[in-house]
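Any read-out appearing in this document is the output of simple, stated calculations on the displayed coordinates, not a laboratory observation. From a predicted model like this one, the values you see are computed outputs, not experimental measurements. Neighbour counts run over all protein chains shown; Cβ positions are idealised from the backbone, glycine included.
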Amino acid sequence: MRVAIISDMHGNLHALKAVLEDIEDQEVDQILCGGDIVNKGPHPAECLQLIRELDIPSVMGNTDQDVLNEDEEIDRWVHSKLSADGLDFLRAMPQHFRLTPPNGRSPEDDLLLVHSTPRDCYDLLVCEPHPKPISPDDGMTIPTPEAEAIAMLDGAVANLIVYGHIHYSSFRVIKDQMVTSIGAVGLPLDGDQRAAYGIAEWNGMNWELQHYRVEYDVDQAIQAMLESDMPTKERVAAMLKAAQWVRF
């Protein structure tokens, strides 16, 4: 069983289309989505529509929840771009998605997909230090302490827990539980502009995750962003260009 996992599209339709085209050549059995579909990009409705048209199971991301909460200007902007039906789809997204492989046992053989952690989509779980930190004190240069990481897993049991949220790939074993993050489709922040996704393959005993990168026209995506009326577009465009966090 081969499962493609995408996450963190962030309204970047150019990157999402490129990744979905690449996945078509990978002979996967299913595609799963780790959330953060719509916020911080110029094409929130179009990205959401693609996910829905392909009937891709999706979990709630923190910025998806932000759109529903309408806390900040950009959240309200994205909210205004989505239809009532689209907003209902966001509200209905679960916090996690569990997949049992053929002839596998649940929960010990499962692939468990979350946006950040099984406990909360806003958690910040650092398995390995960020490859492109802003500064030594940005909170992502030191792995999360073991006790705190265990609390974030909230007792979840699976063969492999996969998450997005931090926009780079990493791996860690936390109290015998394998946990891995995948990079971002629409807003990579590891110094590599290429869109990122993963494919998890069940080998009969374990899920093995392979990371993929896909080239696409980043300049065109940036141009679409700057031509939109999206709030904070200059900062997000700078992050997309640098493929790393940018402070303003």
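General observations
- If you run the Gaussian network model on the chain, springs between alpha carbon atoms under 10 Å, then out of VAL59, VAL38, VAL214 the most flexible one is VAL214.
- Amide hydrogen proximity for MET178: with H placed 1.01 Å from N in the peptide plane, the residues at 5 or more positions away or on another chain lying under 5 Å are ILE161.
- Panel note: the C-alpha atoms of region 122-248, placed on their principal axes, show extents of 47, 35, 22 Å (largest first).
- Partners for LYS81 among lysines (Cα-Cα distance below 23 Å; same-chain residues under 8 apart left out): LYS17, LYS40, LYS233
- Pairs of Cα atoms farther than 23 Å apart, the chain, %: 47 percent
- Where only DSSP H runs of four or more residues are counted, the chain gives -8500 deg cm²/dmol as its mean residue ellipticity at 222 nm, each run worth -39500 (n - 2.57).
- Residues whose amide H falls under 5 Å from that of ASP120, counting only those 5 or more places apart or on a different chain, are absent, with hydrogens built in the peptide plane.
- Residue-count net charge about HIS165 - beta-carbon cut-off 9 Å; Lys, Arg +1, Asp, Glu -1: -3
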